[in-house]
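Visitor: Below is one structure. I have some questions about it.
Where a number appears in this text, it was derived from the coordinates with a stated rule and is not lab data. Every value quoted in this text rests on a predicted model; they were computed, and no experiment measured them. Positions of Cβ are backbone-derived with ideal geometry, glycine not excepted, and every protein chain shown enters the neighbour counts.
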């Protein structure tokens, strides 16, 4: 990824990267990419390393996988190569990062850690790492470089430009998050027309195998619409957009459980009519396994809805008064959306004695879910299934 303002200069800077691979491997990678449909003018060889889209390094293994046929019609964009579900923790070694770069790396990792995925992401030193990505800084670069997954593993390195210090922590966070996205299989959201975010450039190529559209995300790109746009601006927030979150969930979502009421084994916490609109109330409904009844507890204590990864179980208006309705709302990190599981009760962070409660302990379909004083009844006991 390179700055929109400096894309030409950054492309020249990229010519100084790399430590070389055997020529025969390089030639095979280039041939594989062309066979997969990448235009020759988008393939760049720099000291034995091969790049597409100007910032995505392609290994021999990844290029071979790109030749595999893929009959899926999935729709933001990903490569055929994805991270294996066997990897439960991806760690990032950022020992070379200091100051704003260290802060930005922590924030970028947090972007991924906050979403319930098949893997967690953490910075080293950390225990239980299934795979470690090495993060390095190139003082002469204004942007970043990474590669795509291969053999079920993420790409092993991201390179972040030292010249990004001119923009501040949010932009550096944006670029790091972007490059980490490549390592787990994201293509540029505007791969088909880099002019959208860069102001210049063409089609990186897809051939139906290298840029698969991810379900539930836009098929077109706009400036600022995704952290995976080819080029960045000087005003980036560093945060995922809604489509980024949807794409991550589509690729790597965990199988979230339902919350079953102790009142009846066939009654679950449900979003009314499966409506993902902010403010939709929750209810008790017959358990049916749909996304409207799937809830993921994050390390921050949020209960994120299976309808969308950016929707959280929320106490309306942050009001701790007994009887306040429980709804879904855009995740915002407030106490109204933080919950603690104590035994079989789900307690609100708004007050130490407020629990998730079924109104009047009724098992009737459509019974409202509310906040109520904790009392130990089955109306406040929940089980996962």
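Visitor: Cut-off is 10 Å between beta-carbons; in what order do 33, 248, 107 appear when sorted fewest neighbours first?
Guide: Values: 33 25, 248 22, 107 18.
By the 10 Å Cβ count, ascending: 107, 248, 33.
Visitor: Ranking request for peptides 300-312, 89-101: highest mean number of other beta-carbon atoms within 10 Å first, then the rest in descending order. Don't jump to the answer; show the numbers that get you there.
Guide: On the way: 300-312: 22.5, 89-101: 17.9.
For the peptides 300-312, 89-101, the packing ranking is 300-312, 89-101.
Visitor: Just the Cα atoms of region 141-252, one point each, no solvent: what log10 I(q)/I(0) does Debye give at q = 0.23 Å⁻¹?
Guide: Log-scaled intensity ratios, in q order: -1.51.
Visitor: I've got another one for you. So, by mean Cβ neighbours within 10 angstrom, what's the order for 113-120, 274-281 with the highest one leading? Working shown, then result.
Guide: On the way: 113-120: 20.4, 274-281: 14.8.
Put in order of decreasing packing, that is 113-120, 274-281.
Visitor: May I ask you to order 332-341, 260-269 by the average number of other C-beta atoms within 10 Å around their residues, highest value first? It would help to have the intermediate numbers written out before the result.
Guide: Numbers: 332-341: 17.2, 260-269: 19.0.
Listed from highest to lowest mean packing, they are 260-269, 332-341.
Visitor: Express in % the proportion of alpha carbon pairs of region 259-384 at distances exceeding 26 Å. Display every interim value, and only then the final one.
Guide: Values: 534 of 7875 pairs.
Distances greater than 26 Å cover 7 percent of the Cα pairs.
Visitor: I would also like to ask the following. Which translational diffusion coefficient, to the nearest whole µm²/s, is obtained for region 214-257 from the Stokes-Einstein equation, given a Kirkwood hydrodynamic radius over C-alpha pairs, 20 °C and 1.002 mPa s? Don't skip to the end; give the middle numbers.
Guide: On the way: Rh = 11.6 Å.
Answer from the Stokes-Einstein relation: 185 µm²/s.
Visitor: Please order 331, 129 by the number of other Cβ within 10 Å, starting at the fewest.
Guide: If I rank by nearby Cβ atoms, fewest first, I get 129, 331.
Visitor: Quick one: order 217, 298 by neighbouring beta-carbon count within 10 Å, fewest to most. Can you show the working numbers first?
Guide: Details: 217 22, 298 18.
Taking fewest neighbouring Cβ atoms as first place, the list is 298, 217.
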